Amino acid sequence: MTQDEMKKEAGWAALEYVEKGSIVGVGTGSTVNHFIDALGSIKDDIKGAVSSSEASTEKLKALGIEIFDCNDVSYLDVYVDGADEINPSREMIKGGGAALTREKIVAAISNKFVCIVDGSKAVEVLGEFPLPIEVIPMARSYVARQLVKLGGDPVYREGVTTDNGNVILDVHGLRITNAKQFENDVNAIAGVVTVGLFAHRGADVVITGTPQGAKVES
Ligand code: 5RP
């Protein structure tokens, strides 16, 4: 089974968490794209979606799924999104697709975070995948210097502007053993919009696509 087929297993299995008549929180990425296809197959049974990126919005709209503004929704039952890394405490690194800020906002208003991954995303310690940080453009150099003081090696993601008009620094060389503290430390740097560490708001359910089918841990 290919990695994409395993992503598909996870994406379709997440349908089980979608309530009839609900508005669904939808993340971003290649695994979520399979979930969006799955949502398309039940689109008449749901009210619509709150989306975490322009890319997902476009795909949802193309399938005829109504998009709701996050400001018009007080909470969501469920948010389905992928991850770049996930540890045994269900803390995650996200933002490989540069959508981390909107992902964090939609996750924050959701009662349940269902993380859909293939097995390659499971790690013991977060940090092998460079940690994405969305930064206000004028603060890029300052934030990079502060990140070096925190032990990282930040690299500017050239040519990428986020949906919010900001830039991304990818921080290499980290071994994040206290993810909640590190999330706090990076959030405290002036000019940081969002750090792609989802530790304070981790996943509630993890669905892993495997060659034997989807493995659900809740
Ligand atoms: C986008 C994300 C994605 O969830 C993450 O990058 C995983 O992507 P994929 O499902 O393509 O492996 O955080 O900002």
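Tabulated values for the structure
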{"read-out": "Residues of the stretch 64-76 satisfying the condition of being in a loop (DSSP other than H, G, I, E, B) and either closer than 12 Å to I36 by Cβ or open to solvent by 70 Å² or more (accessible area, probe 1.4 Å) (or both)", "value": "G64, I65, E66, D69, S74, Y75"}
{"read-out": "Qualifying position, being farther than 21 Å from T210 by Cα, assigned to a loop (DSSP other than H, G, I, E, B) and more than 16 Å from the ligand (Cβ to nearest atom), among K61, K20", "value": "K20"}
{"read-out": "Residue among A55, A38 that is open to solvent by 10 Å² or more (accessible area, probe 1.4 Å) and within 15 Å of the ligand (Cβ to nearest atom)", "value": "A55"}
{"read-out": "Residue that is farthest from the ligand (Cβ to nearest atom) [pool: residues in the stretch 77-88 that are part of a loop (DSSP other than H, G, I, E, B) and surrounded by 24 or more Cβ atoms within 10 Å (Cβ to Cβ)]", "value": "A83"}
{"read-out": "Any hit, the stretch 194-210, residues being open to solvent by 70 Å² or more (accessible area, probe 1.4 Å) and over 25 Å from K112 (Cβ atoms)", "value": "no"}
{"read-out": "Test: residue in the stretch 153-167 that is assigned to a loop (DSSP other than H, G, I, E, B), free of Cβ contacts under 8 Å to residues at least 60 places away in the same chain, in the same structural domain as N178 (by TED's automatic domain parsing) and among the basic types (K, R)", "value": "yes"}
{"read-out": "Among (1) open to solvent by 10 Å² or more (accessible area, probe 1.4 Å); (2) within 13 Å of the ligand (Cβ to nearest atom), the one test that E91 misses", "value": "(2)"}
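To keep it simple, each residue is scored yes or no on (1) at pLDDT 95 or above; (2) assigned to a strand (DSSP E or B); (3) crowded, with 19+ Cβ neighbours inside 10 Å; (4) within 12 Å of the ligand (Cβ to nearest atom).
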position	(1), (2), (3), (4)
A107	yes, no, yes, yes
N111	yes, yes, no, no
V117	yes, yes, yes, yes
S120	yes, no, no, yes
E124	yes, no, no, no
F129	yes, no, yes, yes
P132	yes, yes, yes, yes
Y142	yes, no, no, no
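The values are calculated or read from the model by the stated rules, or taken from the named source; none is laboratory data. Everything numeric in this text was worked out from a predicted model, so none of it was measured. Ideal geometry is used to build each Cβ from the backbone, glycine not excepted, and the neighbour counts take in all protein chains shown. What goes into the accessible areas is simple: the full protein's heavy atoms, side chains included, and nothing from ligands, DNA or RNA. Shrake-Rupley method; radii C 1.70, N 1.55, O 1.52, S 1.80 Å.
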